[in-house]
Amino acid sequence: MQILNRPLSDAPYKDRDIGCQEALEGAFGEIARSVPPSQIVDAAGGKLSPVISALAKRAEAVGWTLEEAEVAISELAQNILDESAAD
């Protein structure tokens, strides 16, 4: 299980959304390799399976908001889908 980085500040800051994506990228990549592709498609659309939702809750526990984490996960899932489509 990868350690998640905390936000640089509790207050809003420039590119905080990107920081959240970067904090979750490795852990989400591990999960993405172990779940059915349909869960990645669902996550890109904002519907998180229990295992992916647990990652968002882990992010919340280290200082990201749950909403930030869920949006970041959706973006990361979409990135995976985009990369797969380009192959």
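Just so you know, all these numbers are worked out from the coordinates, no wet-lab data involved. For clarity, every value in this text was computed on a predicted model and none was experimentally measured. Because the Cβ atoms are built from the backbone with ideal geometry, glycine has one as well, and the counts that use them run over all protein chains shown.
If you take the residues in segment 4-20 that are over 13 Å from the mean Cα position of the chain (by Cα) and among the hydrophobic types (A, V, I, L, M, F, W, C), which one is surrounded by the fewest Cβ atoms within 10 Å (Cβ to Cβ)?
The first filter runs over segment 4-20 and keeps only residues over 13 Å from the mean Cα position of the chain (by Cα), leaving 6-16.
Then keep just the ones that are among the hydrophobic types (A, V, I, L, M, F, W, C); that gives 8, 11.
Working: Leu8: 12, Ala11: 7.
That would be Ala11.
Residues of segment 55-67 being buried (at least 22 other Cβ atoms within 10 Å of the Cβ) and more than 14 Å from Gly29 (Cβ to Cβ), which ones? Working first, answer last.
In the first step, residues of segment 55-67 are kept if they are buried (at least 22 other Cβ atoms within 10 Å of the Cβ); the result is 55-56, 59, 64.
If the condition is that a residue be buried (at least 22 other Cβ atoms within 10 Å of the Cβ) and more than 14 Å from Gly29 (Cβ to Cβ), then Ala56, Ala59, Trp64 are the ones that fit.
Given the structure, is Pro12 in contact with a helix residue (DSSP H, G or I) (Cβ under 7 Å, 6 or more places away or on another chain) and not in a helix (DSSP H, G or I)?
On the way: in contact with a helix residue (DSSP H, G or I) (Cβ under 7 Å, 6 or more places away or on another chain): no; not in a helix (DSSP H, G or I): yes.
Answer is no for this residue.
In segment 29-68, which residues are polar (S, T, N, Q), over 21 Å from Arg6 (Cα atoms) and not in a helix (DSSP H, G or I)? Give the steps one after another, and end with the answer.
We begin by selecting, within segment 29-68, every residue polar (S, T, N, Q); these are 34, 38-39, 49, 53, 65.
Pick out the ones that are also over 21 Å from Arg6 (Cα atoms) and you get 34, 38-39, 49.
The one that is polar (S, T, N, Q), over 21 Å from Arg6 (Cα atoms) and not in a helix (DSSP H, G or I): Ser49.
Here are some conditions: (1) touching a helix residue (DSSP H, G or I) at 6+ places or on another chain (Cβ under 6 Å); (2) touching a residue at least 40 places away in the same chain (Cβ under 8 Å); (3) part of a helix (DSSP H, G or I); (4) buried (at least 18 other Cβ atoms within 10 Å of the Cβ). Ala23 meets all but one. Which one does it not meet?
Of (1) touching a helix residue (DSSP H, G or I) at 6+ places or on another chain (Cβ under 6 Å); (2) touching a residue at least 40 places away in the same chain (Cβ under 8 Å); (3) part of a helix (DSSP H, G or I); (4) buried (at least 18 other Cβ atoms within 10 Å of the Cβ), only one is false for Ala23: (1).
What single numbered condition from (1) buried (at least 16 other Cβ atoms within 10 Å of the Cβ); (2) more than 20 Å from Pro7 (Cα to Cα); (3) among the polar types (S, T, N, Q) fails to hold for Ser74?
Against the list (1) buried (at least 16 other Cβ atoms within 10 Å of the Cβ); (2) more than 20 Å from Pro7 (Cα to Cα); (3) among the polar types (S, T, N, Q), Ser74 comes up short only on (2).
Given the structure, is Ala85 among the small types (Gly, Ala, Ser) and surrounded by 16 or more Cβ atoms within 10 Å (Cβ to Cβ)?
Details: among the small types (Gly, Ala, Ser): yes; surrounded by 16 or more Cβ atoms within 10 Å (Cβ to Cβ): no.
In short, no.
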